[in-house]
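Structure record follows, encoded as structure tokens.
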Amino acid sequence: MESGNHTEISEFLLLGLSEDPQLQPFLFGVFLSMYLVTMLGNLLIILAISSDSHLHTPMYFFLSNLSFVDICFISTTVLTMLVNIQTQNKNISYRGCLTQMYFFMVFGGMDNCLLTVMAYDRFVAICHPLHYMVIMNPRFCGLLVLMSWVIIFCISLFHILLMVQLTFCIGTEIPHFFCELAQVLKLACSDTFINDISLYVVTTLLCVFPLTGILFSYSQIVSSLMRMASTEERYKAFSTCGSHLSTVSLFYGTGLGVYFSSAVTRSSQRSSIASVMYTIVTPMLNPFIYSLRNKDVKRALGRLLRQAASCL
């Protein structure tokens with residue numbers, strides 16, 4: 001095979017969640033509703049935090065970044081699926097597939113990084129409260145987010161550069177509703193050994209290190225809480241971690257669920273249905289988790305909605 005001819009196709013075929021024509025309108029309505037709820041919820045979180053000076057703290061700075069990433073994350077996959085259902089055309093161009101894979105890895109990786117940074121923020125707030133504002137100063141918080149973006153951008157670009165070296169055969173069908181890296185690698189006609197090794201190494205690093213950081217932070221938090229004399233002080237301190245713990249459990253729980261479902265069953269359709277949990281359901285539920293469990297966010301949202309209503 002000639003080195004300059006790396007691909008013999010111009011597009012892929014996304015099979016989606018179901019090939020039943022009668023089920024397509026229902027799927028379109030469900031996923032459009034979930035997408036709009038996610039957009040509205042996360043936009044309200046961002047607007048509430050930016051408009052309320054009481055929420056201009058490191059914790060809410062990271063939360064607003066998480067909401068922005070969740071908006072981009074769900075848009076990367078759902079918009080393509082909605083267009084394909086509406087137009088009844090499941091084709092996606094080769095470049096479009098690579099672009100979708102790139103941004104999916106970027107925003108999925110950023111979710112990991114931000115949840116880890118937020119755990120560190122809670123660790124400093126509870127274990128070192130007197131030095132909190134000194135350690136978590138605006139410059140340091142901005143640097144943490146910037147470093148996360150740079151690292152994830154570079155890792156995702158590395159995967160895409162490896163991907164363009166592969167050859168794909170004509171008539172390639174992807175048994176998924178978006179171009180997932182692992183699924184696309186299975187369809188390559190050329191050797192994917194380097195790609196597979198890189199995928200396993202990077203996935204392990206992006207899962208093990210962030211999760212280890214989160215577990216270490218909470219082990220220190222629990223240790224610090226146990227040294228507090230008052231039960232009320234313990235509850236008040238730990239209550240600030242409740243929303244973050246719920247989000248971490250949802251994100252990693254659904255992610256591991258997808259991994260184990262893929263390992264246990266060979267059904268690609270079941271795997272793609274399981275993927276809905278962490279690609280769509282998790283970004284949709286995050287605003288509810290943070291707004292329902294957080295009095296400051298609820299007050300800011302109420303103030304924002306009253307201001308919007310007074311302008312009508």
Boolean, residue 55 is surrounded by 13 or more Cβ atoms within 10 Å (Cβ to Cβ) and over 30 Å from residue 131 (Cβ atoms): no
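Filter the range 197-209 down to residues that are of a type outside the set (A, V, I, L, M, F, W, C) and either open to solvent by less than 50 Å² (accessible area, probe 1.4 Å) or assigned to a loop (DSSP other than H, G, I, E, B) (or both), then give me how many there are.
1
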Filter pass, residue 115 being crowded, with 18+ Cβ neighbours inside 10 Å and assigned to a helix (DSSP H, G or I): yes
For residue 243: the one exception among (1) of a type in the set (Ser, Thr, Tyr); (2) at pLDDT 90 or above; (3) surrounded by 15 or more Cβ atoms within 10 Å (Cβ to Cβ): (2)
Filter result for residue 126 (assigned to a helix (DSSP H, G or I), under 20 Å from residue 69 (Cβ atoms) and in contact (Cβ under 8 Å) with a residue 40 or more places away in the chain): no
Residue satisfying condition, being part of a helix (DSSP H, G or I), of a type in the set (Ser, Thr, Tyr) and open to solvent by less than 20 Å² (accessible area, probe 1.4 Å), within set 99, 80, 38: 38
One residue from 282, 212 being part of a helix (DSSP H, G or I), surrounded by fewer than 17 Cβ atoms within 10 Å (Cβ to Cβ), of a type in the set (Val, Ile, Thr) and at pLDDT 85 or above: 212
Selection count, the range 14-35, where residues are open to solvent by less than 50 Å² (accessible area, probe 1.4 Å), not in a helix (DSSP H, G or I) and not hydroxyl-bearing (Ser, Thr, Tyr): 4
The range 285-312, residues that are open to solvent by 60 Å² or more (accessible area, probe 1.4 Å) and touching a Ser or Thr at 6+ places or on another chain (Cβ under 7 Å): 293, 298
Per-region count, the range 135-171, residues open to solvent by 70 Å² or more (accessible area, probe 1.4 Å) and under 30 Å from residue 13 (Cβ atoms): 6
One residue from 74, 152 being within 30 Å of residue 173 (Cα to Cα), in contact with a Leu (Cβ under 9 Å, 6 or more places away or on another chain) and part of a helix (DSSP H, G or I): 152
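The values are calculated or read from the model by the stated rules, or taken from the named source; none is laboratory data. These numbers were taken from a predicted model, which means no experiment stands behind them. Don't worry about glycine lacking a Cβ; one is built from the backbone with ideal geometry, like all the others, and counts go over all protein chains shown. Ligands, DNA and RNA are stripped out before the accessible areas are found, and what is left, the full protein with its side chains, is counted by its heavy atoms. Shrake-Rupley method; radii C 1.70, N 1.55, O 1.52, S 1.80 Å.
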